[in-house]
Amino acid sequence: MKKSRSEKQQRILDFIRTFLEKHDYPPSIRDIQSGCEISSTSVVDYNLKALEARGLIRRDREVSRAIQLVGTGGRGGGAVEVPVVGTIAAGEPLALPSQEGIDPRQVDETVTVTQEMIRGRDQVFALRVRGTSMIDALINDGDIVLMEPTDSVADGEMAAVYLGSSNETTFKRVYREGKRVRLQPENATMQPFHVDADDLSVQGRFVGVVRAL
């Protein structure tokens, strides 16, 4: 038997599906209110409860944006709060306040993503990008990059790297060349730069990106 729903509830379902396909994370109640032209967030919540009661969506009220469409093969399901640990330069290296570089434990901001976006990785953290040196990799100024903590990456991988002598961190592709490391931007108008291998430590490997609107 087909699960019944109102025209408004069908509109909300269609909006959630389209939003997930476009952004890869669920919409907020305010996103739904605006996108579906609904009078108030309380009306949105009422209809979400009705959809949940009909078994068409699942929600975790303890987590922001935690809306999952039932029967979508897990797409968009299982929202995760990832800590945004700071801003990283995708241009010239950026000085950080801590001499230890990135510390994922000291955060006051998070970004909500899906389990699919972090691909089952543990302890993923996020950095807000400043600069345009990675635009050819579709990572622009204001985007948020998701990072997996690691102290090593393969040549050609995008990584957050800490430069000890200058207390700076930057986001680039990494290539080892003997005792030197080439940090390669993804911008045809910019040149790479080289640092001593002993001066560089990898802080995290690129996992994905949340694009700025």
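Assuming 0.36 nm per residue, please report the length gained on full extension of the stretch residue 43 to residue 188 beyond their Cα-Cα distance.
Working: separation 145, 0.36 × 145 = 52.20 nm, distance 4.89 nm.
Value of the extension gain: 47.3 nm.
For the range 165-204, report the accessible area per residue in Å² (1.4 Å probe, heavy atoms, rounded to an integer).
Each residue of the range 165-204 exposes 53 Å² on average to a 1.4 Å probe.
Counting only other residues whose beta carbon sits under 11 Å from that of residue 197, what net charge do I get with K and R as +1, D and E as -1?
0
For 41, 189, give the ranking by accessible area with the largest first, probe 1.4 Å.
189, 41
Setting aside same-chain residues fewer than 8 positions from residue 179, which aspartates and glutamates have a Cα under 13 Å from its Cα?
Straight-distance partners of residue 179: 196, 198, 199.
Can you give the charge dipole size of the range 5-69 about its Cα centre, rounded to the nearest 20 debye, using +1 on the beta carbon of Lys and Arg and -1 on the beta carbon of Asp and Glu?
Dipole of the range 5-69, to the nearest 20 debye: 160 debye.
Cross-link candidates for residue 49: which aspartates and glutamates have Cα within less than 19 Å, leaving aside residues fewer than 8 places away along the same chain?
Within the straight-line cut-off, residue 49 pairs with 7, 14, 31, 37, 60, 62.
Given points 7 Å out from each Cα along the Cα-Cβ axis, report the residue 81 to residue 30 separation in nanometres with one decimal.
With each label point 7 Å from Cα toward Cβ, the separation is 1.7 nm.
Quick one: plug the Kirkwood hydrodynamic radius of the range 5-69 (C-alpha pairs) into Stokes-Einstein at 20 °C, 1.002 mPa s, and report D in µm²/s.
In µm²/s, the coefficient is 185.
Of the options 66, 55, 23, report the single residue whose Cα projects farthest towards the positive end of the charge dipole of the range 5-69 (beta-carbon charges: Lys, Arg +1; Asp, Glu -1).
Among 66, 55, 23, the one farthest towards the positive end of the dipole of the range 5-69 is 55.
With all protein chains present and a 1.4 Å probe, how do 138, 13 order by accessible area, largest first?
The ranking, largest first, comes out as 138, 13.
Taking a quarter of the surface of the Cα convex hull of the range 79-210, what do you get in nm²?
Details: hull surface 29.6 nm².
That works out to 7.4 nm².
What is the extension gain from residue 199 to residue 138, computed as 0.36 nm multiplied by their sequence separation minus the C-alpha to C-alpha distance, in nm to one decimal? Spell out each step's value before the answer.
Numbers: separation 61, 0.36 × 61 = 21.96 nm, distance 2.83 nm.
Gain on stretching residue 199 to residue 138: 19.1 nm.
The values are calculated or read from the model by the stated rules, or taken from the named source; none is laboratory data. Remember, predicted model here, so these are calculated numbers, not experimental data. Note that each Cβ is placed from the backbone with ideal geometry, even for glycine, and that neighbours are counted across all protein chains shown. Only protein heavy atoms, including side chains, enter the accessible area calculation; ligands, DNA and RNA are left aside. Shrake-Rupley method; radii C 1.70, N 1.55, O 1.52, S 1.80 Å.
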